[in-house]
Amino acid sequence: MSQIQTTSFLQDQKHGTKSDRFQAIKPALIAEVLDGHGFDLVHLKTGKAKTADRADFQTTVARYRSRDGFAIDGLGFDIIFKVPHLYGSLQGVLGLFRGTCANQLNVGTHFESVKVKHLGNPYAELDSLIPRLVAQRESLVETVKMMQARDVTPSELAQLAKDVAAIRLADVKGLQKVEVTDLLKVRRADDAKNDLFSCLNVIQENVLRYGIRYQIENTNDQGIVQLQNRTARKVREESVKAIELNASIWDAATKLLKVA
């Protein structure tokens, strides 16, 4: 980590804008709480501050993996924390790690998340809330098994890819043609399956790591309307944006379970 990132990750000082009630949550100490619940820190990333005076305003994303098996071969059971250092609350969500393709997934809105404010004794509160997340393990196992047992038709897969593309490109103005097939490219033999969980992983990996080609309509200085080719940028898998995008992809995919 850079010096700015290290400062942000280890910082436990109050900022001048905060009241006496504010308790800084030091991300470096969260691992001690998770260790007591059987989770090891496997990855972390702190947002990069452009200037030193913004170092304490960043968010750290930390991923912890359970030492216990997930009950489905090839998957790890994770808890992911977003830790804003000055504003907002620490938030914890359930995650999965798929070793075949090193996909770092997380669940959507149908699973409970936990939040801890920068008040009182945040570490004690976090310690008391972790069991609520862990208690959802079996439900997550069952959801994954249902997804693995649910074959997706070509029309359903095409619609899912369109839905995910719309989520990823929601902020693009003048959007025209979208190369949705970019999201359906199978990159390894293990993913050449029709079950919903495999399809979810293919689409998620393509969205985050490879992007989507699309066109936008743009009017130049002479008033002439032109089509411009663009490609959505890759999304850093350890970022806050990736967590939010993964949750939306998960929710879009699990809607197919309801119409099975």
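The values are calculated or read from the model by the stated rules, or taken from the named source; none is laboratory data. Keep in mind the model is a prediction, meaning the values are calculated, not measured. For neighbour counting, all protein chains shown are included, and Cβ atoms are generated from backbone atoms with ideal geometry for every residue, glycine included. Note: accessible area is taken over every heavy atom of the protein model, side chains too, but ligands, DNA and RNA are not part of it. Shrake-Rupley method; radii C 1.70, N 1.55, O 1.52, S 1.80 Å.
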Residue count for segment 203-217, restricted to those that are open to solvent by less than 10 Å² (accessible area, probe 1.4 Å) and either more than 27 Å from Gln176 (Cβ to Cβ) or among the hydrophobic types (A, V, I, L, M, F, W, C) (or both): 4
Meets criteria (modelled with pLDDT under 95, of a type outside the set (S, T, N, Q) and within 20 Å of the chain's Cα centre (by Cα)) for Gly99: yes
Index of the failed condition, Phe39 passing every other in (1) more than 15 Å from Ile130 (Cβ to Cβ); (2) touching a Ser or Thr at 6+ places or on another chain (Cβ under 6 Å): (1)
Matching residues, segment 137-182, being more than 23 Å from the chain's Cα centre (by Cα), charged (D, E, K, R) and under 22 Å from Gly95 (Cβ atoms): Arg150
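Do any strands (runs of 3 or more DSSP E) lying entirely in segment 168-258 carry at least 3 residues that are of a type in the set (S, T, N, Q), touching a helix residue (DSSP H, G or I) at 6+ places or on another chain (Cβ under 9 Å) and over 23 Å from Phe97 (Cβ atoms), and which ones are they?
Values: elements: 175-178, 213-219, 225-231.
In segment 168-258, there are no strands (runs of 3 or more DSSP E) which contain 3 or more residues that are of a type in the set (S, T, N, Q), touching a helix residue (DSSP H, G or I) at 6+ places or on another chain (Cβ under 9 Å) and over 23 Å from Phe97 (Cβ atoms).
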Candidates Gly120, Gly108, filtered to the one that is among the small types (Gly, Ala, Ser) and within 19 Å of the chain's Cα centre (by Cα): Gly108
Residue that is nearest to Phe197 (Cα to Cα) [pool: residues in segment 56-97 that are part of a strand (DSSP E or B) and among the polar types (S, T, N, Q)]: Ser66
Verdict on Asp163 being within 20 Å of Asn246 (Cα to Cα), part of a helix (DSSP H, G or I) and open to solvent by 40 Å² or more (accessible area, probe 1.4 Å): yes
Flag for Lys162 being under 22 Å from Phe22 (Cα atoms), in contact with a strand residue (DSSP E or B) (Cβ under 9 Å, 6 or more places away or on another chain) and among the charged types (D, E, K, R): no
Some residue of segment 123-143 being touching a Ser or Thr at 6+ places or on another chain (Cβ under 7 Å), open to solvent by less than 50 Å² (accessible area, probe 1.4 Å) and not in a helix (DSSP H, G or I): no
Residue within segment 107-117 that is surrounded by 17 or more Cβ atoms within 10 Å (Cβ to Cβ) and touching a Pro at 6+ places or on another chain (Cβ under 9 Å) present: yes
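State whether one or more residues within segment 148-157 are modelled with pLDDT of 95 or more, in a loop (DSSP other than H, G, I, E, B), loosely packed, with under 12 Cβ neighbours inside 10 Å and of a type in the set (Ser, Thr, Tyr). So that I can check it myself, show each step before the final result.
Step one: list which residues in segment 148-157 are modelled with pLDDT of 95 or more, which gives 148-157.
Applying the additional criterion that residues be in a loop (DSSP other than H, G, I, E, B) yields 150, 152-153.
Checking the rest, the ones that are also loosely packed, with under 12 Cβ neighbours inside 10 Å come to 153.
Checking which are of a type in the set (Ser, Thr, Tyr) leaves us with 153.
Yes, the conditions are met somewhere in segment 148-157.
Taking segment 29-73, which residues are open to solvent by 50 Å² or more (accessible area, probe 1.4 Å) and closer than 26 Å to Val235 by Cβ?
Step one: list which residues in segment 29-73 are open to solvent by 50 Å² or more (accessible area, probe 1.4 Å), which gives 29, 32, 35-37, 40-43, 45, 48, 50-54, 57, 65, 67-69, 71, 73.
Answer for segment 29-73, where residues must be open to solvent by 50 Å² or more (accessible area, probe 1.4 Å) and closer than 26 Å to Val235 by Cβ: Asp40, Leu41, Val42, His43, Lys45, Lys48, Lys50, Thr51, Arg54, Phe57, Arg65.
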Leu90 being crowded, with 16+ Cβ neighbours inside 10 Å, at pLDDT 70 or above and of a type in the set (A, V, I, L, M): yes
Flag for Lys26 being open to solvent by 80 Å² or more (accessible area, probe 1.4 Å), touching a Phe, Trp or Tyr at 6+ places or on another chain (Cβ under 9 Å) and either under 26 Å from Ser128 (Cα atoms) or at pLDDT 90 or above (or both): no
